[in-house]
Amino acid sequence: MILTLASDIQKREEISKRLLKFGRVKIIEKYANAPQEIEEAANFVINVAERAEIRPELGYTEIIQGKTIKKFVFKGSNLNEILNDVKQNVLGAAYKLNEKLQELEKAESELTNLKNEYTKLLPFKGVSTDLTFISNLKRFVVKFYLSKEPVTFECCLSSVLERGKDEYLIVVSAEANKAREIEQIAYSKGLVELQPPSGSPEANLKEISKRIDDLQRNFLKLNEEVKELKLSLEHEINAALESLQVLKEVSEIGKPEGRFIISKVEILRSDIQRFYNNFKDIAIIGGLSDADEVELKNPMYMKNFDPLTETQGIPGPYEIDPTPIISIIFPFFFGFMFPDMGQGLVLFILGFIIYMKGWKNKKKWGAMLASFGAAATIMGLLSGEVFGFYVSSIPILGSFLERLAVLRSFSSLSTEAIITMLSVAILIGIFHLTSGYFLDFKQTLRKDKEAAFFEKLPILIAYIGAVFIGLSIIGSNYSFNLFTGRAALIGVPNRILSSITVPVTAISVFLFLFYTVKKENPLDASIQFMFIIIEFLANTISYSRLAILFLVHIVLMKTLNETVAMGAVSLPLLIFGNLGIMALEGLIVYIQSLRLHVYEWFTKFYMGNGTRFKGITDGLTHALIYVL
């Protein structure tokens, strides 16, 4: 919801304070400049953070090591008091790091200048003569040129000194009146003139080389000091950065209009009553208007899968948030393709550590990894796999776990097991795709009932009908006689099933074409329908990858575990082999799960054209701001 507020110009700071206290509000337009003190402090910290490459979050290695982030709390009854609290608690860290950065930058600048000076002297290496006299010559001229090949000057005395591969120093001497002729010859040959240094080049090179070594050691020492200081202070600097940016943003609100200021803000529809209660003495002039920005509000476990939804965009105002479904189906797909109790437990523990120690998105990815591991553990238990061995090999619990391995027969790699697994995978795909077509119908119903019933619903019915027709064809031994035999999988007589599915499917196709022809020409409508039919088949078959990767995992682990026959030598092979399979196959399985969602499922209903709502204090990782 977008609100336009009007208040007395004297209340600008009061409005800023109230907006900061409200928190869940987004400033749409900024007109004023922030107070100079806030502006300077924010720009200074931003500059330090950029130069030091301060990270906003902990890395995964630090999370696993047990490091955590504790938020700094800043309080005050107005913006100036909060600013002073920031200065007293964390701004000093930015000044301290800035001093060390300046030392490092100065050392780097001196080192760069010395290296440039050394490079200029390098062509004169080996020349120990003091060349200062050359600039004092009156009757003679001596010039130095750099060339890629040996060059002689016939007009005067010249010598060639090889400096390196394809690099030569040409020394030319002659009477002063031939200086112009020498320059013309050098220009015609593309030679680069070098200015002779003062003093002895060889002595200067040795002195500069020694200074470079000293400066290099000092630079490396300062660089390590900066790294250590940055690691110890980056939390404080991030807290200063976050809080100052919030203070800067909230103090830039308000467009002057005579004695009034006009402020335009956005809030969530769920917060409208609370906003009115906090700003009841402020006039609202412009009414309310909808905005495309939304907030993903999912329960504790499900919200961890927000990043997967966000890969395809934020749900629009009329779209259904698919995150709750993803939170169940995505781990199920992962576990189905990665059936191993032992490896699943490892992934679960790793994900749980990242979840407990991580922050923001890292915490969510940790929770997802833990859910993938849990699904793989359950699927591994059902298929009787633990690090590729049968669960009966587990001491004490083996006999009990063996009774739970109800899917063990699928690991046999027999022809019957493979066909059954492929059938199960396709069946899972049918349910998944059906849910996508249903969601498309449901969300279209919110904004266009005609399109929902005459376009989206017919597609849903046509897909379900096509599935049953396909089962009838398989049940008739591919004779395409839809009224003989029994449908595959479900066992219903084809004469009963087809007498229902064929006319219903035909009616849905007719309704779709009838509605589409009203918007487009018949040819375009027919082509569109043909593509939908092809999509039905291609998308459904794509789910066979669930079974294929299930079988690939079984084969990989059987192959790896054959090394047990080698005795003790096999132990490192088993350890690193399992780690490699978890990393590589885990990544492949994740990508395939993502593909089934992105290309097969999301494309049925999801546009993702919304924008995430972010209030002025949302997403703060290192700071909390309280307005007293």
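Taking residues in the range 104-119 that are part of a helix (DSSP H, G or I), and partners anywhere that are surrounded by 12 or more Cβ atoms within 10 Å (Cβ to Cβ) and among the small types (Gly, Ala, Ser), the pairs with Cβ atoms closer than 7 Å and at least 6 places apart or on different chains are Tyr118/Ser209. Report yes if Phe550 is over 26 Å from the mean Cα position of the chain (by Cα), assigned to a helix (DSSP H, G or I), exposed (fewer than 14 other Cβ atoms within 10 Å of the Cβ) and in contact (Cβ under 8 Å) with a residue 40 or more places away in the chain, otherwise no. Against the criterion (over 26 Å from the mean Cα position of the chain (by Cα), assigned to a helix (DSSP H, G or I), exposed (fewer than 14 other Cβ atoms within 10 Å of the Cβ) and in contact (Cβ under 8 Å) with a residue 40 or more places away in the chain), Phe550 does not qualify. Based on what the data block shows, is Ala186 within 14 Å of Tyr145 (Cα to Cα), of a type in the set (A, V, I, L, M) and free of Cβ contacts under 8 Å to residues at least 60 places away in the same chain? Judged against the criteria, Ala186 is a match.
Per this entry, Tyr168 is not counted among residues that are surrounded by 15 or more Cβ atoms within 10 Å (Cβ to Cβ), hydroxyl-bearing (Ser, Thr, Tyr), in contact with a helix residue (DSSP H, G or I) (Cβ under 6 Å, 6 or more places away or on another chain) and in contact (Cβ under 8 Å) with a residue 12 or more places away in the chain. On inspection, Val569 passes the criterion of being farther than 30 Å from Lys456 by Cα, in a helix (DSSP H, G or I) and open to solvent by 40 Å² or more (accessible area, probe 1.4 Å).
Taking the numbered list (1) closer than 30 Å to Ile54 by Cα; (2) open to solvent by 30 Å² or more (accessible area, probe 1.4 Å); (3) at pLDDT 80 or above in turn, Glu293 passes all entries but (3). Exactly one residue among Lys165, Lys148 is more than 25 Å from Gln216 (Cβ to Cβ) and out of contact with any strand residue (DSSP E or B) (no Cβ under 9 Å at 6 or more places or on another chain), and that residue is Lys165. Return yes when Gly384 is in contact with a Phe, Trp or Tyr (Cβ under 6 Å, 6 or more places away or on another chain), within 19 Å of Thr603 (Cβ to Cβ) and of a type in the set (Gly, Ala, Ser) and no when it is not. It is false that Gly384 is in contact with a Phe, Trp or Tyr (Cβ under 6 Å, 6 or more places away or on another chain), within 19 Å of Thr603 (Cβ to Cβ) and of a type in the set (Gly, Ala, Ser).
Assess whether Lys189 counts as being surrounded by fewer than 12 Cβ atoms within 10 Å (Cβ to Cβ) and out of contact with any helix residue (DSSP H, G or I) (no Cβ under 6 Å at 6 or more places or on another chain). When the stated conditions are applied, Lys189 does not pass them. Considering the range 343-360, the residues that are farther than 27 Å from Ile426 by Cα and not aliphatic (A, V, I, L, M) include one that is nearest to the chain's Cα centre (by Cα), namely Lys360. For residues that are touching a residue at least 24 places away in the same chain (Cβ under 8 Å) and assigned to a helix (DSSP H, G or I), scanning just the range 538-547, find the one that is surrounded by the fewest Cβ atoms within 10 Å (Cβ to Cβ). The extreme case among them is Ile541. The selection criterion, being at pLDDT below 85 and among the hydroxyl-bearing types (Ser, Thr, Tyr), does not hold for Tyr301. Remark: Ala525 matches the filter, which requires a residue to be in contact with a Leu (Cβ under 9 Å, 6 or more places away or on another chain) and either under 24 Å from Glu600 (Cα atoms) or open to solvent by less than 20 Å² (accessible area, probe 1.4 Å) (or both). Condition first: open to solvent by 50 Å² or more (accessible area, probe 1.4 Å), under 30 Å from Phe219 (Cα atoms) and part of a helix (DSSP H, G or I). Can you find one or more residues in the range 123-133 that meet it? No; the residues of the range 123-133 include none that is open to solvent by 50 Å² or more (accessible area, probe 1.4 Å), under 30 Å from Phe219 (Cα atoms) and part of a helix (DSSP H, G or I). Within the range 194-230, restricting attention to residues that are hydroxyl-bearing (Ser, Thr, Tyr) and either open to solvent by less than 70 Å² (accessible area, probe 1.4 Å) or free of Cβ contacts under 8 Å to residues at least 40 places away in the same chain (or both), the residue that is farthest from Phe124 (Cα to Cα) is Ser209. Looking across the range 447-489, the residues that are closer than 21 Å to Asp321 by Cβ, outside any loop (DSSP other than H, G, I, E, B) and charged (D, E, K, R) come down to Lys447, Lys456. Being open to solvent by 40 Å² or more (accessible area, probe 1.4 Å) and free of Cβ contacts under 8 Å to residues at least 24 places away in the same chain is the filter here; which residues of the range 409-431 pass it? Selection gives Ser409, Ser412, Ser414, Thr415, Glu416, Ile419, Thr420, Phe431.
When you scan the range 423-446, do you find a residue that is in a helix (DSSP H, G or I), closer than 30 Å to Leu513 by Cα and among the basic types (Lys, Arg), even just one? Yes: the range 423-446 contains one or more residues that are in a helix (DSSP H, G or I), closer than 30 Å to Leu513 by Cα and among the basic types (Lys, Arg). Glu37 meets all of the listed conditions (1) open to solvent by less than 80 Å² (accessible area, probe 1.4 Å); (2) at pLDDT 80 or above but one, namely (1). Scanning the range 151-167 for residues that are within 16 Å of Ile182 (Cα to Cα) and outside any strand (DSSP E or B) turns up Val151, Thr152, Phe153, Glu154, Cys155, Cys156.
The values are calculated or read from the model by the stated rules, or taken from the named source; none is laboratory data. Quick caveat, the model's predicted, so the values are computed rather than measured. Virtual Cβ from ideal backbone geometry, glycine too; neighbours counted across all protein chains shown. Side chains included, ligands, DNA and RNA excluded: accessible areas come from the protein's heavy atoms. Shrake-Rupley method; radii C 1.70, N 1.55, O 1.52, S 1.80 Å.
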